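Colleague: Take a look at the following structure, please.
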């Protein structure tokens, strides 16, 4: 198959205009250095809540109002549907993900079906507050053990996917847990699906407030884990 775009970089955004002012030029510089055909997608709120549309226009990137609702999952699904790349990278719009890491993910594109910029592999780290680190570690351990995943960082959204694999998924999760849903469904999509992790530093957001309600965050992951465990059992049963 021929692709007009080799790499799509997709960023879900919610009142991230001030962060995108600095992030988008840095990201474009990294992508220009790769000398590939690329596109950058910003999946914003259904109606603009800040200057994000203007920042996108100034930097020549595609602005997409998310469809279906206001949740993170709606932004992710909007970006997936609009993506045209042979490969797709998702990253955060708050400045916590280093644009330089996109180039490192790109270099690994032929070495695995999925490449994760990992906080929890050797050489990776996170600068988040202690409560968020503890919650993240708990989520990662629970998903790894319960679902039999081999990767260390299951909850970081900073990943490089094969575009057609991603676009073929049917996704059901309603918020941030869509990140784990994507991982689990891809890993169980076929025998021999491969995942590689490269070390990455997860920084704190550069400005603004997090959109995560920590209580809802925790409860959603309990529900998601149960649902994905049932999915795993169904897939395994279908293969026997």
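Every number in this text was worked out from the coordinates using simple rules, so none of it is lab data. All figures in this text were calculated on a predicted structure; none of them were measured in a lab. Using ideal geometry, Cβ is built from the backbone for each residue, glycine included, and neighbour counts are taken over all protein chains shown.
Colleague: Go through (1) in contact (Cβ under 8 Å) with a residue 40 or more places away in the chain; (2) closer than 26 Å to residue 171 by Cα; (3) crowded, with 21+ Cβ neighbours inside 10 Å one by one and return the number of the condition residue 20 breaks.
Modeller: (2)
Colleague: Test of understanding: among 170, 194, which residue is surrounded by fewer than 15 Cβ atoms within 10 Å (Cβ to Cβ), out of contact with any strand residue (DSSP E or B) (no Cβ under 6 Å at 6 or more places or on another chain), closer than 22 Å to residue 8 by Cβ and touching a residue at least 60 places away in the same chain (Cβ under 8 Å)?
Modeller: Sole residue among the options that is surrounded by fewer than 15 Cβ atoms within 10 Å (Cβ to Cβ), out of contact with any strand residue (DSSP E or B) (no Cβ under 6 Å at 6 or more places or on another chain), closer than 22 Å to residue 8 by Cβ and touching a residue at least 60 places away in the same chain (Cβ under 8 Å): 194.
Colleague: Among the residues of the stretch 158-184, which ones are within 15 Å of residue 135 (Cβ to Cβ) and assigned to a loop (DSSP other than H, G, I, E, B)?
Modeller: 175, 176, 177
Colleague: A further question follows. Considering only helices (runs of 4 or more DSSP H) fully contained in the stretch 1-103, which possess at least 2 residues that are within 20 Å of residue 167 (Cβ to Cβ)? Show your work before the answer.
Modeller: Details: elements: 17-34, 52-59, 72-82.
It comes to 72-82.
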